[in-house]
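This report refers to the structure that appears directly beneath it.
The values are calculated or read from the model by the stated rules, or taken from the named source; none is laboratory data. What you see is a predicted model; the values in this text were computed from it and never measured. Heads up, the Cβs are rebuilt from the backbone with ideal geometry, glycines too, and the neighbour counts pull from every protein chain shown.
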Amino acid sequence: MEVALEDNNLMENVLPPDEQEIDVDLEAKEKKYLRGEVANLESLKDKKLKTQLASREKLYGKSAKAAAKIEKWLLPASAGYLETDGLEKTWRIKQTDIAEEVDRSSTRNQYDIVLPDFGPYKLDFTASGRHMLAGGRKGHLALVDMMNMNLIKEIQVRETVRDVAFLHNDQFFAAAQKKYSYIYARDGTELHCLKERGPVARLRFLKNHFLLASVNKIGQLHYQDVTYGDMVASIRTGKGRTDVMEVNPYNGVVALGHSGGTVTMWKPTSQAPLVQMQCHPGPVSSVAFHPNGHLMATSGKERKVKIWDLRKFEEVQTIHGFHAKTLSFSQKGLLAAGTGSFVQVLGDSSGDYSRYMSHRMEKGYQVEKVMFRPYEDVLGIGHSMGWSSILIPGSGEPNFDSWVANPFETSKQRREKEVHLLLDKLPPETIMLDPSKIGAMRPSRRKEKPTRGEIEAEKEVAIEAAKGVELKKKTKGRNKPSKRTKKKKEMVENAKKTFPEQEHSNIAGKKRRIGEDAAAELPSSLKRFARKN
Amino acid sequence: MRIKTISRSVDEFTRERSQDLQRVFHNFDPSLRPMEKAVEYQRALTAAKLEKIFARPFVGAMDGHRDGISCMAKNPNYLKGIFSASMDGDIRLWDIATRRTVCQFPGHQGAVRGLTVSTDGNVLVSCGTDCNVRLWSVPRPSLEDSDLSSEKSTEPSAVYTCKNALLAVDHQFEGDLFATAGAQLDIWNHNRSQPVQSFTSGSHSVISVRFNPGEPDILATSSGDNHISIYDIRMSSAARKILMRTKTNSIAWNPMEPMNFTAANEDGNCYSFDGRKNEEAKCVHKDHVSAVMDIDFSPTGREFVTGSYDRSVRIFPYNGGHSREIYHTKRMQRVFCVKYSSDATYVISGSDDTNLRLWKAKASEQLGVILPREQKKHEYNEAVKNRYKHLPEIKRIVRHRHLPKPIYKAKAESRAMNDAKRRKDERRKAHSAPGTVVTESHRTRRIIKEVE
């Protein structure tokens with residue numbers, strides 16, 4: 001391509017053939033960074049605004065291109081994968097086989113912690129995946145630093161613990177205990193007792209809004225702002241007791257699964273659910289959300305797992321065969337389902353979700369909760385004998401952004417981040433099904449006045465309909481032909497008038513009839529006092 | 001079987017020594033940032049509120065004159081100095097940084113009406129109602145100026161007399177000529193005691209004069225009979241004349257677009273004209289309630305500052321119809337002259353209460369040295385606020401200004417009057433035959449005609 005070209009535009013169009021294919025790839029990435037369609041500026045009449053917006057759109061295009069190039073060339077790490085050749089199937093590969101092939105630091109992430117005395121364990125990870133909180137049913141709470149496998153703190157609360165959740169970072173966590181929920185600091189000090197909620201079945205934290213959401217044994221949904229302790233909303237769902245609750249990370253909406261098979265979605269500012277979907281014929285066992293916010297997986301007791309598209313609220317796929325007690329999506333879109341002592345991971349590399357990997361534990365280990373660890377290829381499993389961790393290649397996002405979640409955070413960075421998170425705290429009113437509506441144009445509600453031709457056409461249609469209607473044949477001597485024709489004529493006349501005139505004549509007719517009757521009853525000397533409407 | 005899992009080594013992602021910088025990694029993927037629009041909106045709201053918290057535009061007042069200030073002049077070569085003259089003939093050179101008088105130029109007997117400095121910064125020209133034009137040599141600023149106790153005074157280098165009182169003076173941008181406005185428009189040379197050239201136009205006096213920054217021989221004047229005239233001094237009469245309904249108090253040329261000028265009018269509006277095409281104004285800037293007395297452009301050419309008889313100073317964008325900022329104080333009375341400092345950071349207003357006041361051009365700007373991270377944060381806040389400035393909550397905060405009661409009431413009254421007039425005009429138009437009643441656009445409404 002050593003052609004001397006003076007025009008810069010021409011230079012950009014001429015590409016060597018091997019680079020042209022990569023351009024297509026870059027365009028696909030660019031679409032992701034454009035975050036939607038280019039705005040239509042043709043309908044704008046204000047010239048100044050039009051030029052300003054046009055130059056802004058150009059800038060968006062440029063920045064999307066630059067971000068696509070950075071993603072292609074400059075990101076430090078690449079995603080994990082598991083590929084088999086020939087007849088070997090990926091779901092037959094055991095964790096021991098994987099351990100032989102990967103490096104030492106990855107095999108450190110495969111382990112089983114056996115604690116048979118403290119009951120089934122629930123897990124939670126912080127947003128960066130560095131810390132893990134394990135809560136056993138019989139009252140054992142343990143806070144672990146996953147990078148060094150360090151046990152930071154463990155406490156025994158001597159009460160039933162039904163659920164655990166981290167707050168915005170590893171400094172605070174909440175545990176749903178027998179009668180009330182409690183908030184603890186990192187060193188195990190009990191900070192708050194949340195009495196208002198009652199006995200809580202599930203606890204989840206909405207990170208952007210600093211809201212601690214919980215559903216209790218009566219089926220009430222509570223939202224509390226943990227920065228100043230105000231109970232933002234307490235909603236009576238009216239659907240009875242449930243312990244299936246998940247938060248959609250894309251829009252902050254809370255989904256509850258009920259025993260009638262419905263999944264309802266809630267926001268703190270309304271007492272009625274946003275959406276009610278009938279998902280299963282029987283009770284819903286668990287719900288999970290894909291991080292992009294468009295897919296939801298639900299499982300029911302009829303041994304089916306259904307994948308739903310949340311934009312159209314339609315079912316996309318059904319997976320038969322097992323009753324998944326717990327579901328979890330990874331950052332890259334893999335779905336983990338736990339049933340009995342068996343964990344199955346489904347992947348969507350071929351469009352639909354199909355078997356990717358599986359892991360069978362010893363018979364006595366009943367899986368209680370599965371959860372993918374963020375930014376790592378690791379799946380955490382909480383079961384009746386403790387907790388385990390297995391490797392699932394290709395499940396985690398390999399490149400983290402230091403300003404979003406940094407697994408290698410220092411304490412100074414953590415403090416700064418906390419301050420920035422608090423400054424960016426969103427009010428609960430911003431929770432909506434489509435979060436991109438904020439700042440978007442509202443479609444104009446003014447209906448266009450129908451043109452004269454349209455009005456005429458409507459009238460003709462109404463006249464035809466009036467002519468075509470069949471009057472019911474009355475019995476008992478009321479079926480006089482003269483009356484029938486009179487009524488039909490009246491209907492056609494009505495159709496010919498415009499709507500306001502029809503209303504007016506109906507009302508006037510009624511009033512006249514009433515007045516005439518009253519006037520007929522009065523004696524003649526009082527007739528002049530009869531109301532004349 | 002090929003397997004790869006994510007494995008990060010701690011060395012790659014943390015720093016080796018405490019003197020190293022922390023490592024920062026970026027991933028711009030939108031899926032890592034849910035609800036980013038809501039977060040941006042929240043940041044825009046916080047930025048708007050912070051801007052209001054930090055908005056302290058008043059820097060200081062320069063006290064010293066003993067009578068109301070009539071005019072000011074900027075020295076093109078020296079950023080820190082400003083000349084001001086008052087109604088009792090007192091001319092002073094101020095040091096803006098210390099807000100003190102550096103030098104006085106006594107001599108005028110009556111009010112000083114015009115002040116201007118030559119482009120090389122050496123000669124100060126002043127004219128007044130005592131029919132004198134005085135030329136002074138501007139003292140060179142030196143390090144010894146830090147001795148504040150001595151207020152020097154100098155003698156004029158030349159005094160020229162003419163027959164009538166003089167009302168304004170302006171110096172050519174490139175060259176040795178300056179123009180005075182009085183009973184007629186006179187062009188003078190530094191060394192001649194009589195005007196080199198004179199332009200007469202009718203019986204009314206010329207109120208203000210301004211040379212074009214781009215073309216050295218073109219100047220704009222405004223006269224008492226509501227005309228704005230553009231002269232080329234190489235020709236013998238006016239090149240263009242615009243007749244308006246009310247008189248223009250001051251004219252300023254846009255330094256970045258020298259063919260455009262803005263005229264500050266007695267009816268409270270400023271009219272921006274294209275010097276080549278005068279049938280209609282390019283833009284009408286409406287916000288003042290009373291006569292606009294003076295106008296000065298920012299060196300960026302993007303905004304201008306106006307001072308008005310209604311005791312306020314407003315900053316307008318060059319192409320926008322309404323002011324972006326208003327400055328007022330209880331102590332500031334009728335504002336007679338304003339200047340935009342040559343580094344586009346300050347605005348100086350001279351008013352009837354004998355004080356010059358120094359204001360920041362951007363009210364919430366942080367002055368002094370700003371670290372690069374701070375600067376980036378300010379720029380980010382500006383950008384995110386501009387993105388959401390049309391939304392009601394943010395618009396309400398950004399637009400909010402406290403107006404003094406007389407201005408507030410006058411604006412409400414004029415709004416009611418304009419609404420009533422507009423309604424009546426619309427009804428008249430609706431009830432007349434189409435085409436008989438023609439609405440005049442605001443840009444042509446106040447112009448009566450253009451005279452060649």
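Details
- Condition met for A:Ser350 (within 23 Å of A:Leu82 (Cα to Cα), over 19 Å from the mean Cα position of the chain (by Cα) and of a type in the set (S, T, N, Q)): yes
- Test for B:Thr444: is it in a helix (DSSP H, G or I) and of a type in the set (Ser, Thr, Tyr): yes
- Of all residues in segment B:383-412 being of a type in the set (Lys, Arg) and within 17 Å of B:Tyr327 (Cβ to Cβ), the one that is nearest to the other protein chains (Cβ to nearest Cβ): B:Arg399
Residues are listed down the side, and each one gets a yes or a no for (1) part of a helix (DSSP H, G or I); (2) closer than 30 Å to A:Arg162 by Cβ; (3) under 24 Å from the mean Cα position of the chain (by Cα):
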site: A:Glu376; (1), (2), (3): no, yes, yes
site: A:Asp401; (1), (2), (3): no, no, yes
site: A:Ala405; (1), (2), (3): no, yes, yes
site: A:Phe408; (1), (2), (3): no, no, no
site: A:Glu416; (1), (2), (3): yes, no, no
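- Selection within segment A:409-444 - out of contact with any Asp or Glu (no Cβ under 9 Å at 6 or more places or on another chain), facing chain B (nearest Cβ under 8 Å) and free of Cβ contacts under 8 Å to residues at least 60 places away in the same chain: A:Thr410, A:Gln413, A:Leu423
- Close pairs (9 angstrom Cβ cut-off, 6 or more residues apart or separate chains): away from chain B (no Cβ under 11 Å) in segment A:17-35, at pLDDT below 85 anywhere: A:Asp23/A:Leu15
- Of the residues in segment B:392-399, not one is under 30 Å from B:Ala48 (Cα atoms) and in contact with a strand residue (DSSP E or B) (Cβ under 8 Å, 6 or more places away or on another chain).
- Residues within segment A:77-91 that are surrounded by 14 or more Cβ atoms within 10 Å (Cβ to Cβ) and either facing another protein chain (nearest Cβ under 8 Å) or not polar (S, T, N, Q) (or both), tallied: 6
- Taken over segment B:213-242, residues that are closer than 15 Å to B:Ser203 by Cα, touching a Gly at 6+ places or on another chain (Cβ under 9 Å) and buried (at least 16 other Cβ atoms within 10 Å of the Cβ) amount to 2.
- Residues located in segment B:298-345, provided they are part of a strand (DSSP E or B), surrounded by fewer than 22 Cβ atoms within 10 Å (Cβ to Cβ) and away from every other protein chain (no Cβ under 14 Å): B:Glu303, B:Glu325, B:Ile326
- Candidates A:Leu295, A:Leu346, filtered to the one that is of a type in the set (A, V, I, L, M) and in contact with a Lys or Arg (Cβ under 8 Å, 6 or more places away or on another chain): A:Leu346
- Residue satisfying all of: in segment B:25-58; part of a loop (DSSP other than H, G, I, E, B) and under 44 Å from the mean Cα position of the chain (by Cα); farthest from the other protein chains (Cβ to nearest Cβ) among these: B:Pro57
- Yes/no for A:Tyr228 being within 26 Å of A:Val419 (Cβ to Cβ), of a type in the set (Ser, Thr, Tyr) and in contact (Cβ under 8 Å) with a residue 12 or more places away in the chain: no
- If you check B:Ala48, B:Ala44 for being modelled with pLDDT of 95 or more and either in contact with a Leu (Cβ under 9 Å, 6 or more places away or on another chain) or at positive phi (or both), only one passes: B:Ala44.
- Evaluating A:Ala466 against the criteria (1) of a type in the set (Gly, Ala, Ser); (2) part of a loop (DSSP other than H, G, I, E, B); (3) at pLDDT 80 or above leaves one unmet condition, (2).
- Evaluation of B:Arg422 against (1) in a helix (DSSP H, G or I); (2) within 14 Å of another protein chain (Cβ to nearest Cβ); (3) modelled with pLDDT under 95 (one fails), failing number: (2)
- Scanning segment B:59-86 for residues that are outside any loop (DSSP other than H, G, I, E, B) and not hydrophobic (A, V, I, L, M, F, W, C), we see that the one that is nearest to B:Arg113 (Cα to Cα) is B:Ser70.
- Any hit, segment B:293-300, residues being touching an Asp or Glu at 6+ places or on another chain (Cβ under 9 Å) and under 21 Å from B:Leu79 (Cα atoms): yes
- Of residues in segment A:138-169 being more than 15 Å from A:Tyr182 (Cα to Cα) and not in a strand (DSSP E or B), the one nearest to the other protein chains (Cβ to nearest Cβ): A:Met147
- Screening A:Lys483 on (1) outside any loop (DSSP other than H, G, I, E, B); (2) more than 10 Å from chain B (Cβ to nearest Cβ); (3) of a type outside the set (Ser, Thr, Tyr); (4) under 49 Å from the mean Cα position of the chain (by Cα) shows it passes everything except condition (4).
- Any chance A:Lys195 is within 21 Å of the chain's Cα centre (by Cα) and modelled with pLDDT under 95: no
- Boolean, A:Met265 is away from chain B (no Cβ under 14 Å) and in contact (Cβ under 8 Å) with a residue 60 or more places away in the chain: yes
- Hey, B:Cys103 farther than 30 Å from A:Ser78 by Cβ, in contact (Cβ under 8 Å) with a residue 40 or more places away in the chain, buried (at least 17 other Cβ atoms within 10 Å of the Cβ) and in contact with a Gly (Cβ under 7 Å, 6 or more places away or on another chain) or not: no
- Number of the exception - B:Thr14 against (1) touching a Phe, Trp or Tyr at 6+ places or on another chain (Cβ under 7 Å); (2) of a type in the set (Ser, Thr, Tyr); (3) more than 7 Å from chain A (Cβ to nearest Cβ): (3)
- Taken over segment A:100-122, residues that are exposed (fewer than 14 other Cβ atoms within 10 Å of the Cβ), farther than 21 Å from A:Ala175 by Cβ and touching a strand residue (DSSP E or B) at 6+ places or on another chain (Cβ under 9 Å) amount to 2.
- Qualifying residue in segment A:320-327 (condition: part of a strand (DSSP E or B), over 17 Å from the mean Cα position of the chain (by Cα) and at pLDDT below 95): yes
- The residues of segment A:328-343 that are assigned to a strand (DSSP E or B) and buried (at least 19 other Cβ atoms within 10 Å of the Cβ), listed by number, are A:Ser328, A:Phe329, A:Leu335, A:Ala336, A:Ala337, A:Gly338, A:Thr339, A:Val343.
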